[in-house]
Amino acid sequence: MAILSFIGGIHPPERKELAKGRPIQEIPIPKSVYLFVNQNTGKPPAVSVKKGDSVKTGQKIAEAQGPVSVPLHSPVTGVISDIKKVMHPITQKPEELLVIDSETDQFDFLEPLSDWKAYDKEKSHTLLYERIKEAGIVGLGGATFPSHFKYLEAMKKPVDYVILNGAECEPYLTIDDRMMVEHPAQIVGGLEILLKICGASKGYIGVEDNKPEAFEALKKYANDRIEPALVKTKYPQGGEKQMIYALTKRSVPVGGFPIHIGVIVHNVATAFAIYEAVEKGKPLYERGLTVTGEGIAKPGNLWVRVGTPIQELITYAGGLHSEGGKVILGGPMMGVPIKDLTLPVMKGTSGILVLTPEMVSEINETACINCGRCLMACSLRLEPNYLVKLVKAKKFEEAYKYGVLNCCECGSCAYVCPSKIEHVKHFKLAKKLHATLKGGKK
Amino acid sequence: MATLLSTSPAPHIRVKDTVPKIMRDVLIALIPAVIFAVYAFGWNALWLCVIGALSAELIEYGIMRFLRKKKDFRPDGSAAVTGLLLAMNVSASFSWYLLIIGVLVAIGIAKHTYGGIGNNPFNPALIGRVFLVISFPVQMSVWAPLNHAASTLVTSATPLSILKQKGFEEAARQVSLLDMFIGNTQGCLGEVSALALIIGFIFLLWRKRVNPIIPIAYIGTVLLFSFLFFMINPNQFGSPIFHLLGGGLMIGALFMATDMVTSPATMKGAFIYGIGCGIITMLIRLFGALPEGVSFSILIMNACKPLIDKISRPKPFGYVAPEVKKNG
């Protein structure tokens, strides 16, 4: 079988061996959790509790605001000791943060929907759809896009495929790999639920071919509707558009979404969370993540409550090897570096990567020599070299015309650049400006 | 914790490759041709190469530090490549101070008046060469005698000028194709040996430093073009292989036209650019006043680069998607 893939891309060192073989370990509940209210793309929910309130694990503490929003649930049982504003590492703005001092767990779950298999179309449209929203489920691969929203259109339009993304193309990270190895039945079950909601006939689980163990585990649960498929190990294979192209040879139109070509994509961890939300009524308040990197003493895969301070995870993983370096939320290609280790784990935190000071070098951009490597690396067939020139010259309108908004910020161009040009930084600036300007006009 | 964590933006890992490393590999790739030039023409060839490369670096350093006042300037080796290529494009008997004048024009005018590396529209080495050809036509067309023992060459003219003046039969009688391939012929010190240049180019390909589309399109066009005219009048126009090996095509197609800064980076653009170089080269060789047209053809195509870029922009991923939507 020809190995499925996309055009372009890069092969960074994988470094997955650091944490690959380590089973997911549940860590003790922290004394206090720090819960950002804004944990999803779209509108943040509105807090429905106040300082001094007692909450239970799984209790809803913030209400969704509008369609692109999900509620938030308490990850621990305890008392809300403070509500303050703290700099958010992703939005780069001060955001509301709840501090909850934890006690022994008392659970407050939703009603399990264990007979979902027998649901008719209407029931799955209402009950299952509502459940995904009410359980606060967002894309756990890092995008944190509210999962239910993908079905708002999908319930009206025909959907051909639901794809679970188990590529985990970011180097170092291994949590999706472990999830697939340890919980294949639940992941396949989650996919069954998703197929039920949108009425699609076929579900794929795309797994990079460097994870044969995960592929074999999923294969045991495969049936005529659900097919695990090996895709080529290449970055960014786990990009939504790249994964869809690899498995179905369909291209998401420029400016469009997967639903426009009859496809819906979720991360495998999201499917797991959806399964638990439906079968057990469990809201999304904990997740698995990888703590890894050359700078950490004992890399591993941990099961943690949302809101756990990153310092506690690092301590649990044996602490830092050396002073300084870089601590990154996510993987080395797209992750967000943080300065403050008291920041908490969020719904979208798929990994904590610690690089040693020797691996962190100051980047000095030099002139572009037009070598064309970024053109070869770009999986969306943009011209990173040209776009950077346009953005640097502040010719934003032209940059938009030549597709800078289509960029997925995967960083392949910057990775290969011999002149060390910070393509992604410049593109993010152009995109941010576009969002501000055009958003203001509407 | 008192330690300072870095927050430089993603991606957090990068290739270790840098521009100086690329330039170093290009210099290494030119070494076989330089060694052959020393073998064919004597030590003067080496001195010219060393003077060309060193003076280029010195001139660039002076311009960057004292005229453009860049205090943090670090040489990246690109000037040495320009200087060496220019030295390889003169006769082995050329005078070293005229070469330095050529380097001054190449680095000072063709490169730094436009803003230095990455910004020059024309290949600096070729501008330097054309400047020397026009300013010192006599010195630029006196060829050094071959000094190695194996040489049985009697002529003191380049294969292409024999072709131009006396026709293909006479040229083929004086120089065999094998001689031209190995380099046992007259010409600029770096261009004579196709073999040495190809060895260097294979090294660049192996190191993934170069896009082979341009040389393939360029040489392919030359072969096709000359074949057509060879069919019409063999004696006047000469054979395709003669055109391939006889002049500066090899060094031009492999090392000058492939200069990244002045050539298109897209596959389609590189293809158009290579074909354009080939057509103009052959038009000058077959119908122009000069026997050789590689330098001019590449410079003309350099000038066309922005236009080629414009017509060869890649279609973004998902561009054709509306059709997919209809089918689905």
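The values are calculated or read from the model by the stated rules, or taken from the named source; none is laboratory data. Keep in mind it's a predicted model, so treat the numbers as computed, not measured. Every residue, glycine among them, receives a Cβ derived from its backbone with ideal geometry; neighbour counts consider all protein chains shown.
For region A:178-193, a residue qualifies if it is crowded, with 24+ Cβ neighbours inside 10 Å and either out of contact with any helix residue (DSSP H, G or I) (no Cβ under 7 Å at 6 or more places or on another chain) or more than 18 Å from A:VAL278 (Cβ to Cβ) (or both), and the qualifying residues are A:ARG178, A:MET180.
Please tell me if A:CYS368 is facing chain B (nearest Cβ under 7 Å), crowded, with 22+ Cβ neighbours inside 10 Å and assigned to a loop (DSSP other than H, G, I, E, B).
yes
Restricting attention to region B:84-101 and to residues that are under 16 Å from B:LEU58 (Cβ atoms) and either in contact with a Cys (Cβ under 8 Å, 6 or more places away or on another chain) or without any contact (Cβ under 8 Å) to a residue 40 or more places away in the chain (or both), the residue that is surrounded by the fewest Cβ atoms within 10 Å (Cβ to Cβ) turns out to be B:TYR97.
Scanning region A:16-74 for residues that are surrounded by 18 or more Cβ atoms within 10 Å (Cβ to Cβ), assigned to a strand (DSSP E or B) and either free of Cβ contacts under 8 Å to residues at least 40 places away in the same chain or in contact with a Phe, Trp or Tyr (Cβ under 7 Å, 6 or more places away or on another chain) (or both) yields A:ILE24, A:THR57, A:ILE61, A:ALA62, A:HIS73.
Among the criteria (1) assigned to a loop (DSSP other than H, G, I, E, B); (2) touching a helix residue (DSSP H, G or I) at 6+ places or on another chain (Cβ under 6 Å); (3) more than 13 Å from A:GLY8 (Cβ to Cβ), the one A:SER379 does not fulfil is (3).
Going by the conditions given, is A:GLU362 surrounded by fewer than 24 Cβ atoms within 10 Å (Cβ to Cβ), over 14 Å from the mean Cα position of the chain (by Cα), farther than 26 Å from A:PHE149 by Cβ and more than 9 Å from chain B (Cβ to nearest Cβ)?
No; evaluated as a whole, the condition is false for this residue.
Any idea which residue in region A:342-353 is nearest to the other protein chains (Cβ to nearest Cβ), counting only those that are buried (at least 19 other Cβ atoms within 10 Å of the Cβ) and in a loop (DSSP other than H, G, I, E, B)? The residue in question is A:LEU343. Total residues in region B:194-238 satisfying the condition of being of a type in the set (Gly, Ala, Ser), assigned to a helix (DSSP H, G or I) and either over 16 Å from B:ASP259 (Cα atoms) or out of contact with any helix residue (DSSP H, G or I) (no Cβ under 7 Å at 6 or more places or on another chain) (or both): the figure is 4. Among the numbered conditions (1) part of a loop (DSSP other than H, G, I, E, B); (2) polar (S, T, N, Q); (3) surrounded by 24 or more Cβ atoms within 10 Å (Cβ to Cβ), the only one that A:ASN223 does not meet is (3). Once region A:279-319 is narrowed to residues that are in a helix (DSSP H, G or I) and more than 18 Å from the chain's Cα centre (by Cα), the residue that is nearest to the other protein chains (Cβ to nearest Cβ) is A:GLN311. Residues in region A:232-278 that are assigned to a helix (DSSP H, G or I) and aromatic (Phe, Trp, Tyr) were compared, and the one that is farthest from the other protein chains (Cβ to nearest Cβ) is A:TYR275.
Just one of the numbered conditions (1) out of contact with any Asp or Glu (no Cβ under 9 Å at 6 or more places or on another chain); (2) under 20 Å from A:LEU18 (Cβ atoms); (3) not small (Gly, Ala, Ser) is not true of A:LYS157: (2).
I'm trying to understand the selection: among the residues of region A:86-111, which are in contact (Cβ under 8 Å) with a residue 60 or more places away in the chain, of a type outside the set (A, V, I, L, M) and within 19 Å of A:MET346 (Cβ to Cβ)? Of everything in region A:86-111, those that are in contact (Cβ under 8 Å) with a residue 60 or more places away in the chain, of a type outside the set (A, V, I, L, M) and within 19 Å of A:MET346 (Cβ to Cβ) turn out to be A:PRO89, A:GLU96, A:SER102.
Scanning region A:134-182 for residues that are in a helix (DSSP H, G or I) and in contact with a strand residue (DSSP E or B) (Cβ under 7 Å, 6 or more places away or on another chain) yields A:LYS150, A:ALA154, A:ILE175, A:ASP176, A:ARG178, A:MET179, A:MET180, A:GLU182.
Exactly one condition in (1) among the β-branched types (Val, Ile, Thr); (2) more than 25 Å from A:GLY166 (Cβ to Cβ); (3) outside the structural domain of A:SER69 (by TED's automatic domain parsing) is false for A:VAL327; which is it? A:VAL327 satisfies every listed condition except (3).
For region A:320-339, a tally of residues being more than 7 Å from every other protein chain (Cβ to nearest Cβ) and either buried (at least 20 other Cβ atoms within 10 Å of the Cβ) or modelled with pLDDT of 95 or more (or both) returns 4.
Taken over region B:166-213, the criterion of being touching an Asp or Glu at 6+ places or on another chain (Cβ under 6 Å) and more than 13 Å from B:GLY246 (Cβ to Cβ) is satisfied by B:ARG207, B:ARG209. Taken together, A:ALA435, A:ALA430, A:ALA399 contain a single residue that is more than 7 Å from chain B (Cβ to nearest Cβ), under 30 Å from A:GLY325 (Cα atoms) and not in a loop (DSSP other than H, G, I, E, B), which is A:ALA430.
Being under 14 Å from A:ASP53 (Cα atoms) and in contact with a Gly (Cβ under 8 Å, 6 or more places away or on another chain): is that true of A:SER102 here? So A:SER102 passes the test. Within region A:117-149, being at pLDDT below 90 and under 28 Å from A:GLY351 (Cβ atoms) holds for A:GLY141, A:GLY142, A:ALA143. The residue that is nearest to the other protein chains (Cβ to nearest Cβ), counting only those in region B:231-270 that are over 28 Å from B:VAL90 (Cα atoms) and surrounded by 21 or more Cβ atoms within 10 Å (Cβ to Cβ), is B:ALA265.
In region A:289-315, the residues that are outside the structural domain of A:TYR172 (by TED's automatic domain parsing) reach residues that are in a strand (DSSP E or B) and among the charged types (D, E, K, R) with C-beta atoms within less than 6 angstrom, at least six apart or across chains, in these pairs: A:TRP303/A:GLU26; A:ARG305/A:GLU286.
Where the second residue is part of a loop (DSSP other than H, G, I, E, B) and surrounded by fewer than 22 Cβ atoms within 10 Å (Cβ to Cβ) and the first is without any contact (Cβ under 8 Å) to a residue 24 or more places away in the chain and lies in region B:187-212, which pairs have Cβ atoms under 8 Å and are six or more apart or on separate chains? So the pair list comes out as B:LEU205/B:PRO212. Just the residues that are in contact with a Lys or Arg (Cβ under 6 Å, 6 or more places away or on another chain) and either crowded, with 21+ Cβ neighbours inside 10 Å or more than 7 Å from every other protein chain (Cβ to nearest Cβ) (or both), please, taken from region B:1-21. Correct list: B:LEU5 only.
Per-residue answers, yes or no, for (1) surrounded by 24 or more Cβ atoms within 10 Å (Cβ to Cβ); (2) among the acidic types (Asp, Glu); (3) within 27 Å of A:LEU127 (Cβ to Cβ):
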position	(1), (2), (3)
A:ILE244	yes, no, no
A:VAL263	yes, no, yes
A:TYR275	no, no, yes
A:VAL278	yes, no, yes
A:GLN311	no, no, no
